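Presented below is the structure to which this report refers.
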Amino acid sequence: MKVLVIGGGAREHALCRSLSQDPAVTELHCAPGNAGIAQVAAVHPVDQLDGAQVAALAGRLGAGLVVVGPEAPLVAGVADAVRAAGIPVFGPSAAAAQLEGSKAFAKDVMAAAGVPTARSYVCTTAAEAAEALDAFGAPYVVKDDGLAAGKGVVVTSDREAALAHAAACERVVIEEYLDGPEVSLFAITDGTTVVPLQPAQDFKRALDGDEGPNTGGMGAYSPLPWAPAGLVEEVLETVLQPTVDELRRRGTEFSGLLYAGLALTSRGTRVIEFNARFGDPETQVVLARLRTPLAGVLLASATGTLDQLEPLRWDEGAAVTVVVASEGYPAAPRTGDPIEGLAEAEADGTAFVLHAGTTAGEDGRVLSAGGRVLSVTATGADLAEARGRAYAAVDRISLKGGQHRTDIALKAATA
């Protein structure tokens, strides 16, 4: 099978890495890709928001499967254009991707499906926002209704800051604050059958101790030794399957990756948000533990045959990802700096480096080209070993002004 992956971040590098190891994949392509992806796949220029361009590229390559990585192309309808060209595609339609594209739509679906989530108000004026904030009290949770690259949520006890974020967005969802640890659970679905993956936890804040501004994610780990027994089965029954069933009932079948961001609150499991694609950086650790070849799983989703899939096989060990970000991230990331030590980071075979925001310089050196630059990932027999290997690899990498958290998976590994 020839596979084309759309996107150019660490999530897509993780997907390409797994697909490159699948013996069923005879050719692997990525558009637009990045400097790291180019080592495992043929990369091609493309406007990833242009469905006609993506479909034409897939046709020229003779792709038997297109995997759409980021959320923006999904919301823009790229998967629809590829399907219309008769090519199997992993990723939901534009209508179904509104589950991520509009938090208000997601709340409506959850209400209809009986999915447990935070109480909320949808606000379009300053007066509505002020009333909603006062109704819930601090800490305030204010979410941009639309896509915001993982940075559209403000959680603060500062009412003025909450109002300012609301004012900067056309429409916001203001929610009650959910206590308890957060869990990311992915599920692959063909619109009927739902196959959950292994849970992970990511770290949204920029600085150690969950301080600093929200980011797209500074690291992740899997498995979660502290998670309650039966969590995956519970979420499948109360969240994932009801949501997929409700969308199918509406005539908006969801096929692809359904991501549930969960809070394990004192009152039970609640959905914080849905995404319509693999999460970044959780994908890096979840795929590092997946032993079932990936291409067949994604193709089964694209072709409606997930019910025929054998149970997924998983590595019983652990995986940890540490994100190396550029100076100034997330507010004003610096780019264009050379990255050294990439080969050394992978030299002993216990860790691998996934590229997020990189490009190849004219002299062949790898340069930083975004806020989150690398996802350094390692596996091990347990979290402590995987964590040690990941940080040892990070220490071998040099990026001027580069920053990373030092506490990824620390509590879980030392509990």
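The values are calculated or read from the model by the stated rules, or taken from the named source; none is laboratory data. Please read all numbers here as calculations on a predicted model, not as lab measurements. Note that we place each Cβ from the backbone using ideal geometry, even for glycine, and neighbour counts take in every protein chain shown. What goes into the accessible areas is simple: the full protein's heavy atoms, side chains included, and nothing from ligands, DNA or RNA. Shrake-Rupley method; radii C 1.70, N 1.55, O 1.52, S 1.80 Å.
Worth a mention:
- For residue 89, nonlocal amide neighbours, meaning residues 5 or more places apart or on other chains whose placed amide H falls under 5 Å from its own, are 66.
- Computed about the Cα centre, the dipole magnitude for segment 143-292 is approximately 320 debye when only Lys and Arg (+1) and Asp and Glu (-1) carry charge, each at its Cβ.
- For a straight C-alpha distance cut-off of 28 angstrom, the lysines reachable from residue 103 (same-chain residues fewer than eight places away being disregarded) are 143, 151, 204.
- ³J(HN,Hα) computed for each position of segment 369-379 - Karplus, 6.51 cos²θ - 1.76 cosθ + 1.60, integer Hz, glycine/proline x: 9, x, x, 8, 9, 9, 10, 8, 10, 9, 10
- Measuring with a 1.4 angstrom probe and ignoring ligands and nucleic acids, residue 266 comes out at about 100 Å² accessible.
- Taking one quarter of the surface of the C-alpha convex hull of the chain gives a mean projected area of 18.9 nm².
- Probe 1.4 Å - accessible area at residue 404, Å² to nearest ten: 70 Å²
- Three-way shape call for segment 134-183 based on the alpha-carbon gyration tensor, with the a/c threshold at 1.5: oblate
- A straight Cα-to-Cα reach below 14 Å connects residue 107 with the aspartates and glutamates 144, 145, 175, 176, 246, 273, residues fewer than 8 places away in its own chain not being considered.
- Converting phi to 3J(HN,Hα) with the Karplus coefficients 6.51, -1.76 and 1.60 and the offset θ = phi - 60°, segment 240-252 yields 5, 5, x, 5, 4, 5, 5, 5, 5, 4, 7, x, 10 Hz in sequence order, with x at every glycine or proline.
- Shown in residue order for segment 164-173 are the 3J(HN,Hα) couplings computed by the Karplus curve 6.51 cos²θ - 1.76 cosθ + 1.60 at θ = phi - 60°: 5, 5, 4, 5, 7, 10, 5, 9, 10, 10 Hz (x for Gly and Pro).
- Rounded to the nearest 20 debye, dipole of the chain from Cβ charges on Lys, Arg, Asp, Glu: 400 debye
- In Å², nearest 10: area of residue 264 left accessible to a 1.4 Å probe: 30 Å²
- Applying 1/(1 + (r/R0)^6) with R0 = 56 Å to the Cβ-Cβ distance of residue 327 and residue 245 gives a FRET efficiency near 0.75.
- Calculated [θ] (222 nm, deg cm²/dmol) that DSSP helices of n ≥ 4 give over the chain, each run adding -39,500 (n - 2.57): -8000 deg cm²/dmol
- Two-decimal log10 I(q)/I(0) for segment 189-275, as the Debye equation yields it once each C-alpha is a single scatterer, q = 0.11, 0.13, 0.20, 0.26 Å⁻¹: -0.37, -0.51, -1.03, -1.34
- Solvent-accessible surface ranking, highest first, for 221, 177 at 1.4 angstrom: 177, 221
- Long-range amide H partners of residue 202 with built H, under 5 Å: 184
- Debye, to nearest 20: dipole size of segment 234-353, +1 on Lys, Arg Cβ, -1 on Asp, Glu Cβ: 560 debye
- A cut-off of 5 Å between modelled amide H atoms, ignoring neighbours fewer than 5 places along the same chain, links residue 8 with 33.
- Inter-label distance, residue 163 to residue 1: 5.4 nm, where each label sits 7 Å from its Cα along the C-beta direction.
- Cα gyration tensor shape for segment 1-59, rounded if a/c is under 1.5, else prolate or oblate: oblate
- From the alpha carbon centroid of segment 296-336 to that of segment 231-249 is 21 Å.
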